[in-house]
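Below: the structure, in structure tokens.
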Amino acid sequence: MPGARTARAVPGARWLRAWWALALLFLGCSSDSAPGPAGPGGLVVDAQEPASAAEADASAPGPVAMRRLTRDQYVRSVHDVLGQDLVVPSRLEPDLRRGGLLSVGASQVSVTPTGMERYEAAARAIAAQALAPEYRASVLACVPASPDAADADCAGSFLAATGRALLRRPLEEDELQGHVALAGAASAALADFHGGLEVALSALLISPDFLFRPEQVDMEAATDDSGARPLTSLSLASRLSYLLWNTTPDAALLDAGVADVLQDGEALAAQVDRLLASDRLKVGVRAFFEDLYALADVEQSVRKDATLFPLYNPQLMEAAREQTLRTLEAHLVDGSGDYRALFTTRETQLTRALGVIYQVPVRAAEGWEAHTFAASVPRAGLLTHLSLLALHAHSGRSSATLRGRFVREVLLCQAIPEPPADVDFSIVEDVDGPLATARDRLQVHAVNPGCAACHAKMDPIGLGLEQFDALGVFRETENGATIDPASALDGMAFADPAELGEVLAGHPELGPCLVSRLYSHALGRELEAGDNSQLALLQEAFSDGGYQLSPLLRALALSEGFRRGAGPRALVSGSAAQEAP
């Protein structure tokens, strides 16, 4: 097995750490100003005065970002370059969520000293596996003149090809020769060609240009009226690949970046269409929605009281997360469906364990089975999925407030302030008291003037989902009292969870919110007033295209906002990263 080989301590390791730390000093990335507040549909308005469309066009374009690879991107990039069978260590620097997205937080983090040690350990483990005797033939095309000595030609060919793929650009000649020299020195010290090559591969894997995605504008190109310049073709290749496939560019896309043809609209469109037509688009779509809905937290963070919920277990949560992702994938990629219909669809996929929770028979003893909930069943749309119901609830009780907040903030892009520090939650938390249902408890709680305004936005939505307990199991009563799910969303009444999905699907801010979240995800930063005109064009294209995702992705990838930028912000001292626990 590739993971059986242990990375060895070799001469040059201390030099690698010093080199990496020095290089990182020049690669800190942070924003020197905060974005304006979000307006309807995620459009960003100036904090002092709303920006008109004309003013938005005249605003300075947003800066390009430099993003650290998320954990998922790190793993996928390693697998795509060095092989799917490699075991990538899971203890990496934690991701940071900003603006509701890990992909935005990635542009506001550096690497802590603990994180550097983790990346170095991961690099050594990966390199040891890749060059293990039973695996190396799949990554090393040449055979050294001697397995016990340095071979500059063989090492050079491997490092040039692998470095190009890992760093998403060709290595400069002096850069390549430095890595070859490192491999040679380590090979001589170890009397092992492949051991020396491990050291050089480790150096590539802890290179800032691998761990980070630095984006550059073409400084030789003329600026447009707004002060923007086109991104370099190599920067555009990486931006496009991580948007659509959530991994490093493949050889064809990287070739186009090296040839500097992606600034041409037709050449870019050809690559966009090729990536969209690939089955790997599913990976990018899943990555975006997993980030947007924080679905990784379903598996990693959801914990339920086993006494109250004996059906709960971590494997169930993993299946719940996968169910939602499979539903998204089948509807948006395979089926080219209307995004809004995700909140009304009765079609999904289930395992036998999920079937127990959903109280429906699943014939397949193993794996997944397509299922359509009957019209008489209150399950319809993503809001009634176990993943989202369990995630937005407490360990021992449901939460209309958390579920309503998810709809407001994540699906409609409406900001909800944090509760005051002195709020008394005892009434809501007292599930064994005289107030039997959550509706009763929340009505008393909402009398507090410090709570009423915000809870009036969240609670009515969440009460429509109160027929699902903290795990997501359907129920009709709470403490012996009948649960009433009837409520309203922004004046639109609904009688039950299925009707809530219908009302949400028809909400005018649902589509525009997705566009703004996707645009922010693509650019790796929170949106600014200068993005309004591009957002408006994309929102119009989304609507005109029947709210299908692939045409929206195409329009985004070919948009001026995606292809151009104002250059990086000036670096400031400090780091947004937190020391890993």
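Here are the numbers for this structure:
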{"read-out": "When region 210-270 is reduced to its Cα atoms, the Kirkwood hydrodynamic radius in Å", "value": "12.1"}
{"read-out": "Probe 1.4 Å, all protein chains present, accessible-area order of Lys282, Lys457, largest first", "value": "Lys457, Lys282"}
{"read-out": "Quotient of C-alpha Rg and 2.2 N^0.38 Å, computed over region 152-248", "value": "1.34"}
{"read-out": "For Leu231, distant residues with modelled amide H under 5 Å away", "value": "Asp218, Arg564, Gly565"}
{"read-out": "Probe 1.4 Å, accessible area per residue of region 490-551, Å²", "value": "33"}
{"read-out": "Distance between region 242-284 and region 370-420 - C-alpha centres, whole angstrom", "value": "35"}
{"read-out": "Sequence of Arg164, Arg118 from largest to smallest accessible area, 1.4 Å probe", "value": "Arg164, Arg118"}
{"read-out": "Per residue solvent-accessible surface (Å²) - region 224-280, probe of 1.4 Å", "value": "36"}
{"read-out": "For Phe212, residues with placed amide H under 5 Å, excluding near neighbours", "value": "Leu69"}
{"read-out": "With every protein chain in place, region 465-515: carbon and sulfur % of accessible area (1.4 Å)", "value": "49"}
{"read-out": "Highest to lowest packing among 211-224, 463-476, scored as the average C-beta count within 10 Å", "value": "463-476, 211-224"}
{"read-out": "Accessible area of region 279-348 belonging to carbon and sulfur atoms, whole % at 1.4 Å probe", "value": "45"}
{"read-out": "Solvent accessible area, Å² - Asp260, 1.4 Å probe, full protein context", "value": "90"}
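The values are calculated or read from the model by the stated rules, or taken from the named source; none is laboratory data. These figures come from a predicted structure and were not determined experimentally. All Cβ positions, even for glycine, are placed from backbone atoms using ideal geometry, and neighbour counts span all protein chains on display. With ligands, DNA and RNA removed, areas are computed over all heavy atoms of the protein, side chains included. Shrake-Rupley method; radii C 1.70, N 1.55, O 1.52, S 1.80 Å.
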